[in-house]
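Every number here is computed from the coordinates shown, using simple stated rules; none is lab data. Note that the structure is predicted; figures quoted are calculated from it, not measured.
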Amino acid sequence: MQDLSLHILDIVENSIRASARRVEIKIEENPEKDMLVLEIKDDGKGMDEQALQQATDPFYTTKTTRRVGLGLSLLAQAARQSEGDIQISSALNQGTTIKADFRLSHPDRKPMGDMDETIRTLVISHPEIDFLYEHKNGDEFYCFDTREVDKK
């Protein structure tokens, strides 16, 4: 995957396959700390302890259509190659939270990509899902919540 927005798209699609009804995508770019933090949280089925332990293994997947699950392993690799890491927490029937951090200025950090198009694609493709997208960059803050749009 060429940029972080494609990683986000892949992980959110996994959330939707896990029966999530709400997905929160939060990005914080902090130039002062030289950090980029990406967090995706859902209210889907969650993972048991065994699945959680194997989640970043590229040869583990719950999908029956193929034998590899590259999404989380590729995100973990992208984070680690830019002096960051990934944390995954999950509980059955409560959802999953994936948090990846990156050194913002690292030359190997993937570019953010087209987040506008990523969010637009998710909202149009899955109108039944509530999405929250927050993006903070220094003092700037942007928030898009489909629940607010639905009220209008």
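Taking 0.36 nm per residue of separation and subtracting the Cα-Cα distance, full extension of the segment from ASP108 to PHE141 would add 9.3 nm.
Could you give the length gained on full extension between GLU128 and ALA91, defined as 0.36 nm per residue of separation minus the Cα-Cα distance, in nm?
Values: separation 37, 0.36 × 37 = 13.32 nm, distance 2.29 nm.
Result for the pair: 11.0 nm of gain on full extension.
Which percent, nearest 5, of DSSP beta bridges in the chain are antiparallel? Restricted to the chain, the bridges split so that about 80 percent are antiparallel.
If you stretched the chain out fully between LYS26 and GLN77, how much longer would it get, using 0.36 nm times the residue separation minus the C-alpha to C-alpha distance? Before the final figure, lay out the partial values.
Details: separation 51, 0.36 × 51 = 18.36 nm, distance 1.97 nm.
Between LYS26 and GLN77, full extension yields 16.4 nm more.
Based on the Kirkwood approach, the hydrodynamic radius assigned to the chain is 15.9 Å, with every pair of different Cα atoms included.
Reducing region 18-33 and region 38-55 to their Cα centroids gives an inter-centroid distance of 15 Å.
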